[in-house]
Each structure stands twice: as structure tokens, then as C-alpha cells.
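Student: Below you'll find the structure I mean.
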Amino acid sequence: MKATPRNDVRAALRACRLWRTASDDAIALLAASASVQDAARGSLLASEGEPAERFGVVVSGRVRVFHMTADGRTIVMETMEHGEAFAAVAALAGGRNPASVDAATPATIAWISGESLFELLATEPQIARGLIGDLSERLINLTSVVQTLALDVPGRLARYLFQRSLAVGEATPDGLRVSLGMPKAELAASLGTVPETLSRALGRLRDDGVLEVRGSEVIVFDVGALARLGSGYGE
């Protein structure tokens, strides 16, 4: 007899945008078909180039999707948290993983086969509209990643901080307070660089009067400068 799906797994699947319009009964069936993995930080969840026979939904923690370059650099394509799916496109296409995935923190993953999602689409075809929309948005985000990597490291950092300023910036008497959103080592990897180069880029922005670094936060004095540098255009 199949075990009753865990409540946290059902909640994560309910939050997943891929099938946002699915009925609660459909979510329950999907949860019942899932296999659950509790992964330690640093655990490799999927390897680039291997057949993609299933995809994951993050139940808790955070995972990162990354590419390892020939010279050993790690380029983080995106990070995923509660209710977000990874490796879905490859699993649905029956192809190979285009990137690797590991656990950036201790994480719980619900693994679902591509066939289970196809069965869901067959029973509730209205889900297809949301699925197409979400996958299209991922393609747009990937284009943004490619554009970011075309910049030098200070430009990539400025683009990231400008986007963070818009999303989570908090006005203070000193300036706009912006959390970096992740440890500096992870931020360096997400920008396709190393911590030492990231520190130099932060120092350059500081010396130019754009911001001040305060631990895991920055105080932004000139958001416009971040926008210009992040678009590839200096003053």
C-alpha cells in the first residue's frame, strides 16, 4: 500500500507554478507518485549530460543549477527554493540534463517522473497553458543570464545589485539598504567568478561612490549608476 504523501511535499507541489491550476485531487495523486530525497548540503542531485528521467520540486532548502566550465569555473544559472521545479524541460523532452544541480543548503526534494506529469496533463489539460507560460519565462530568464555573462564582473555585479535594489531595497537615511541575498562565495559563483574577483568588483563600486559594503548587505547611494553599469554602458 502506498504511503500517505507528506504534508510538506503536498504543500510544495501545490505551490509549484508548473501546474498552478491543477485540482487538489490531482496534486494529491502527483504527491503520491513522488519519491522524496533528503539531501545534505553539497549533494549532487543531477549531473550535466546524464539522461533526464525525472525532475525535482524543492520541498525545503535551496538548490542551484550550474555549469562547470572547462577551466574549472562554476557558473550558476539559477537557484531554486520551495515549490520551484528544476530539470523539468529535459525530463519532459526525454533528453539529457543541460546543467548540473546540487543542494546549496540541506534540502528536501520531491522527484517526479515525466510520465506522471503527462498523465496529469491528460486528466486536466487546462494545466498546459500555465506550463507553457512558465517554461517560456524560464527561456527569457536564461536569455538574461547569457546577457549578464557577456558583461565584465563589475557589470554583472552591478546588474545583480540593481535587480536586488528593485526587488528588496529598503530606504534608509544612509541610502538604499540591499541584502546580497546569499553568501559572497555563492554570489561569486552565480556571477561566474571567484570570491577574490567579486571583492575587487565591490571595492571598485565602493571607490566610485556607488555603494558601501556592510557585511552581507550593501548601502546603495547611486541606483542609476548600477543600472548603467549593469546594462553595459558606463557614464
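The values are calculated or read from the model by the stated rules, or taken from the named source; none is laboratory data. Fair warning: this is a prediction, and the values are worked out from it, not measured in the lab. For neighbour counting, all protein chains shown are included, and Cβ atoms are generated from backbone atoms with ideal geometry for every residue, glycine included. When the accessible area is computed, the model is the full protein with side chains, heavy atoms only, and any ligands, DNA or RNA have been set aside. Shrake-Rupley method; radii C 1.70, N 1.55, O 1.52, S 1.80 Å.
Student: Measure nothing fancy, just the Cα-based angle from helix 24-33's long axis to the longest principal axis of the chain, in degrees from 0 to 90, nearest 10.
Tutor: Tilt relative to the chain: about 90 degrees.
Student: List the residues, sorted by chain then number, that are 5 or more residues from residue 48 or on another chain and whose placed amide H is less than 5 Å from its amide H.
Tutor: 100, 101
Student: Compute a Gaussian network model of the chain, connecting alpha carbons closer than 10 Å, and tell me which residue from 100, 60, 33 fluctuates the most.
Tutor: 33
Student: Mind jotting down a quarter of the surface of the convex hull over the alpha carbons of the stretch 46-124, in square nanometres, one decimal?
Tutor: 5.3
Student: Could I ask something else about it? Helix-derived [θ] at 222 nm for the chain: sum -39500 (n - 2.57) over DSSP H runs of at least 4, divide by residue count, nearest 500?
Tutor: My calculation for the chain gives -13500 deg cm²/dmol from helical runs alone.
Student: Using a 1.4 Å probe on the protein heavy atoms, what percent of the accessible area of the chain belongs to carbon and sulfur?
Tutor: Its accessible area is 54 percent carbon and sulfur atoms.
Student: State in Å² the accessible area per residue of the chain; use a 1.4 Å probe, count heavy atoms of protein chains only, and round to the nearest integer.
Tutor: I get 51 Å² per residue for the chain.
Student: When N counts the residues of the stretch 160-235, how does its alpha-carbon radius of gyration compare numerically with 2.2 N^0.38 Å, as a ratio?
Tutor: After normalising by residue count via 2.2 N^0.38 Å, the value is 1.02.
Student: For residue 24 and residue 132, what does the FRET efficiency come to when R0 = 35 Å and r is the distance between their Cβ atoms, rounded to the nearest 0.05?
Tutor: 0.95
Student: Given that compact globular proteins tend to follow 2.2 N^0.38 Å, what is the ratio of the alpha-carbon Rg of the stretch 1-110 to that value?
Tutor: 1.08
Student: Moving to a separate point now. Could you quote the convex hull projected area for the chain, Cα atoms only and averaged over all directions, in nm²?
Tutor: With the hull built on Cα positions only, its mean projection is 14.3 nm².
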